[in-house]
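Structure first, commentary second.
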Amino acid sequence: MSLRKSAIGGVKWTTASTVIVTILQLAQMSILARFLEPGDFGLMAIMMVVIGFSQAFQDMGISNAIIQRQDISHTQLSSLYWLNIAAGAVLTLIVIAIAPLVAMFYDEPRITPLMILLSSTFILVAIGNQYRVLCQKNLNFRTMEIINVSTSVISLIVATVMAYNGYGVLTLVCAMITQAGLSSFLFLWVGLKHYHKPSLVYKHSELEGFYGFGMYQMGERSINYISANADKILIGKLVGINAVGFYNLAWQLIIFPLSKINPIINKVAFPVYSKVQNDSKTLNRYYALNVKLLSLVTMPLLAFLMFFSSEVVGLVFGEGWETTANLLPVLALIGILKALGNPGGALILAKGRADIGFWWNIVWAITIVTALSIGLLLRPSLYTAIYILLGLSFTVGAIWHVLVAKIGEVEYLPLIKHFIKTFIAVISIGWLASTLLNMYIINSNLIHIILGTVICGALYIMYLLAFEKTLIKIIREMR
């Protein structure tokens, strides 16, 4: 099968899986919001900052090096597998050791036993992680997405049963462990059958070329995680655990388009970019198409959340989450800016410049932590945090695009014009639809959302047919 057909097939499988998994996760969030308290979600968000940061060290940053390198031996894969297992064991012990310190920092004793339980995910993930990476490297997205959907279904069932029986925050912990463990063992089963069986060997000399790439990747992930979660850390400490619960659920709605739709293309894009990394013209063409397609999908969804925030939150989470609804419009704008910068990471990695992402994330992390610390100390409020993030996304965030354009040799001016044109269109459509519907008294959130979706969808289709004929033609040719 040609690279083009493999890439298109990967996009189709990832798209189908993403739609299903997104529906399942929204259902899970909606169910749990009706059984759990804001403090439960805040507590889980705080613990996930620690767990997520530790996951940056899970595979020593080498997974992407396996994809980026086109020739890799069985001995190297075996050595990397056992390195991954060892790293998982060490991280488990580290998290167990620091759990009491995190509980002391937030003055919340429940954190200690829950974090110890969550630490088991490091061992579980390590068992099958390499085979997940090999599936991606070989563009075997059919297998990947079947596993993703299956484990999401099981996780939903576990979460629903536990929430109904009053397990509180333990529901969130067990649902995560279930999905991580089941997914890992399924990838292990597939990998042993189709890829390779690791030998009982570890040769450090065979991995020298991987460590440079991996160390930058590991450093980039850890720093990036700090910058991405500094808001939760500081809000939890300076504003309160309940505030983190409201904020985190608002952010969960925003990142659904980013974390679910972006990977549809980016998961396929990185291995594809890597295969054409020395062909600048082809790489530039693929990247431009990637970015334009992502913007046409993510921007209208986030714009819809800006103008229909109250109705969406009321429908998904129920009563008592008005604070979350008030945060959504500004966070949606931040999400749009984040979505436009996200694809650049895969391009820079494909060029073998993991160091660029590492140093960029150091600068971004320092900026975020400094600005939020000063702002929240002066005025401890959720709104202080989101307006600081918005300002930094507009200003400092623009530097990332400059780096992507230079390192990736990307013609950025056409992309900027496309961003501006699409942004004006989706904001205008969202404002018009909300204004029309607000002229009438609609007591049902569901009906309000359905009518808003119909109006926005019709107007957006008209816009695409009028101004995006070239992209529509390309999409049709992909079938």
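Nothing in this text is a laboratory measurement; each read-out follows from the coordinates by a stated rule. Note that the structure is a prediction, hence the values are computed from the model and not measured. So basically every Cβ, Gly included, is an ideal-geometry build from the backbone, and we count neighbours across all protein chains shown.
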**Message:** Just to confirm a number: summing +1 for Lys and Arg and -1 for Asp and Glu over residues other than GLY318 whose beta-carbon lies under 13 angstrom from that of GLY318, what do you get?
**Reply:** -3
**Prompt:** Under a point spin-label approximation (7 Å from Cα along Cα-to-Cβ), what is the VAL153-VAL369 distance to one decimal in nm?
**Reply:** 4.4
**Extension gain, LEU93 back to MET439 (0.36 nm per residue minus Cα-Cα distance, nm)** = 118.7 nm
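Mind giving me the FRET efficiency for ILE362 and TYR387? R0 is 25 Å, r the Cβ-Cβ distance, nearest 0.05 is fine. Show your work: numbers first, answer last.
Details: r = 24 Å, r/R0 = 0.96.
According to the calculation, E is roughly 0.55.
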**Asked** Which value in nm describes the separation of the simple spin-label points at ARG142 and THR395, placed 7 Å from the Cα toward the beta carbon?
**Response** 5.2
**Message:** Between LYS193 and VAL402, what is the label-point separation in nm under the 7 Å Cα-to-beta-carbon projection?
**Reply:** 5.2
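Please compute the length gained on full extension between LEU413 and ILE116, using 0.36 nm multiplied by the number of residues separating them and subtracting their Cα-Cα distance. Show your work: numbers first, answer last.
Working: separation 297, 0.36 × 297 = 106.92 nm, distance 4.95 nm.
Extra length available between LEU413 and ILE116 comes to 102.0 nm.
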**Prompt:** For the peptides 459-466, 152-159, what is the packing order when you average, over each peptide's residues, the other Cβ atoms within 10 Å and list the highest mean first?
**Reply:** 152-159, 459-466
